[in-house]
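Take a look at the structure set out below.
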Amino acid sequence: MCGINMGGTVVIKWGGGLITFKDQLCTVNQEVIDELAEACSKTDKRLVIVHGAGSFGHMKAKKFRLAEGRIDGLSQDEAVEDVRTDMLKLNKYVMDSLAKFGVSAKSYPPHEWARGTGPKFKGDLPVFDGVTVVFGDVVEDDEQEFGILSGDDIILRYATELPDVERAVFAIGGVDGILRVPPARATPDDLIEVWHPELEFEGEHASDIDVTGGIGLKAARGAEISSAGIDVILINGERPGRVIDAIEGKSVIGTRIISGNC
Ligand code: IPE
């Protein structure tokens, strides 16, 4: 690094479907977490890591309808606590892995500082003088008592409100970016290299297990970040080389998201 300050901040989302096995309750993909942590140890950029929930959040949140808030007749209190505890467990895997690769990081559980869901949630965004880590969580909500705050909404706020953000990276599992057709039917030609909101794609959203918005929410939040003048790229997080290149702003296989109105 030669004593030169390499500059700005990069915000990166580690998708829940990337770092966990989404269909088996509370199972981590340790190999992927370690690869991501190692990639994040290799940059001079200041990082904000936002991780998703995968099987540590969606399943129980879905079963107890936590995204809808308080529902009379349903005993949800235990589920609220359980999902928060499970998210802290997932976060510990992330923090331990970052520590293993020598990354100085601090975690700020959103249920301690954020209120409300969606992109306009309230609360001052915590920032650490190293790597800041936050995640999708069950938060308090003024109207519905509690709700699910997605990491995709959190990353939007960090990307647009920190002063020196260079780019936002969405690392997802199983695909190289946004595809024209669902992954099972896609060929390499189906990767959309530049996406904007007017461009339709047949996004697959497992709404039977997913309580937030799947790829569609990432694309929409990506476009909002891009309209604030920040570069956005969505990449396959199972390819560590691409993760490093994306953080550094090098050209990489994936989907660049543009706002469409520039
Ligand atoms: C969801 O967060 C949080 C919970 C279900 C508790 P995200 O929306 O960021 O999670 P992923 O990336 O889809 O798993």
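The values are calculated or read from the model by the stated rules, or taken from the named source; none is laboratory data. Given the structure is predicted, the values throughout are model-derived calculations rather than measurements. Quick reminder, even Gly has a Cβ in these numbers, built from the backbone with ideal geometry, and neighbours come from all protein chains shown. Side chains are part of the model used for accessible areas, which takes the heavy atoms of the whole protein and leaves out ligands, DNA and RNA. Shrake-Rupley method; radii C 1.70, N 1.55, O 1.52, S 1.80 Å.
Would segment 157-240 count as rounded, prolate or oblate if I go by the C-alpha gyration tensor, calling it rounded below 1.5 in a/c and otherwise prolate when a/b exceeds b/c, oblate otherwise? Prolate shape, in that a/c is at least 1.5 and a/b is the bigger ratio. Solvent exposure of K106, expressed as accessible area, is near 90 Å², computed with a probe of 1.4 Å over the protein chains only. For G260, no residue has an amide H sitting under 5 Å from its own, ignoring neighbours fewer than 5 places away on the same chain, with H placed 1.01 Å from N.
Taking the chain as a Gaussian network, where each spring joins two C-alpha atoms under 10 Å apart, which residue of I154, I49, I244 fluctuates the most? Highest fluctuation among the options: I244.
In this rough spin-label picture, where each label sits 7 Å from Cα along the Cβ direction, the C26-E198 distance is 4.9 nm.
Could you give the accessible area per residue of the chain, probe 1.4 Å, as a whole number in Å²? Walk me through the intermediate numbers first.
Working: 11970 Å² over 262 residues.
Per residue, the chain has 46 Å² of solvent-accessible surface.
Roughly speaking, to the nearest percent, how much of the chain's 1.4 Å accessible area is carbon and sulfur? For the chain, the apolar C and S fraction of the accessible surface comes to 48 percent.
Hey, quick one: spin label on K89, modelled 7 Å out along Cα-Cβ, who in segment 34-66 has an amide N within reach, i.e. under 13 Å? So the set is 55-60. Note on K89: accessible area is roughly 110 Å² with a 1.4 Å probe, heavy atoms of protein only. A Gaussian network model of the chain, with springs between Cα atoms under 10 Å, assigns the largest mean-square fluctuation among P163, P119, P182 to P163.
Past the 28 Å Cα-Cα mark, which pairs from K13/K122; K13/K62; K100/K250; K45/K92; K62/K250; K42/K106? Beyond 28 Å between Cα atoms: K62/K250.
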